[in-house]
1. With a cut-off of 8 Å between alpha carbons and a minimum separation of six or more residues, what is the relative contact order of the chain in percent?
2. Suppose each label sits 7 Å from its Cα in the direction of the beta carbon; what would the residue 78-residue 114 distance come out to in nanometres?
3. Ordering 64, 15 from largest to smallest accessible area (1.4 angstrom probe), what's the sequence?
4. So which lysines can residue 109 reach, going by Cα to Cα under 21 Å and dropping same-chain residues fewer than 8 places off?
5. For segment 64-81, what does the Karplus curve 6.51 cos²θ - 1.76 cosθ + 1.60, with θ = phi - 60°, yield as ³J(HN,Hα) per residue in whole Hz, taken in order and with x for Gly and Pro?
6. Could you give me the ³J(HN,Hα) list for segment 89-104, computed from phi with Karplus coefficients 6.51, -1.76, 1.60 and θ = phi - 60°, whole Hz, x at Gly and Pro?
7. Looking at the chain only, what percent of DSSP beta bridges run antiparallel? Nearest 5 please.
8. Rounded to the nearest 0.05, what FRET efficiency do residue 8 and residue 88 have when you use their Cβ-Cβ distance and R0 = 30 Å?
Amino acid sequence: MHELGVVKHVIKTLKDVAEENRVTRVASVTLQIGEVSGIINEQLTDCWNWYAEKEDLFRGSVLKIETMPAVTFCEGCKREYETVKYGRICPYCGSPETYLVTGNQFEIKEIDAETEDE
Ligand SMILES: [Zn+2]
């Protein structure tokens, strides 16, 4: 359950942030998910909805997901290319000496929250 791990991590992180900022309710959370992260958006949303209901802070909140393109760097010709389109072999020079620059990350981009002062 990769998705549940992500949700748990996000909720734990946001709980800490909420505590520091006197947040009483989170309305929505926007996550950026790399397109080769292996995370299935639908499952992530399901996990979120299930898990958020148990937490006062997140009850009824909406999870928004932005997919971030994956980029691979080639050691052979020092160029970058689209991972999903070309895979592990560089389309410019044919080198297999490549590595993923970005695309398997997940990040909390923003949260829409209400604080005690409002
Ligand atoms: Zn290359």
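The values are calculated or read from the model by the stated rules, or taken from the named source; none is laboratory data. In this text the structure is predicted, and so the values were computed from the model without any measurement. Neighbour counts are summed over all protein chains in view; Cβ atoms, including those assigned to glycine, are modelled from backbone coordinates with ideal geometry. Just so you know, the surface numbers come from the protein's heavy atoms only, side chains and all, with ligands and any DNA or RNA stripped out. Shrake-Rupley method; radii C 1.70, N 1.55, O 1.52, S 1.80 Å.
1. Answer for the chain is 36 percent.
2. 5.5 nm
3. 64, 15
4. 8, 12, 15, 64
5. 10, 10, 10, 8, 9, x, 8, 10, 10, 9, 9, 5, x, 10, 6, 10, 10, 8
6. Each residue of segment 89-104 in turn: 9, 5, x, 8, 10, x, 6, x, 7, 10, 9, 6, 8, 8, x, 10 Hz.
7. Just about 70 percent of them are antiparallel.
8. 0.45
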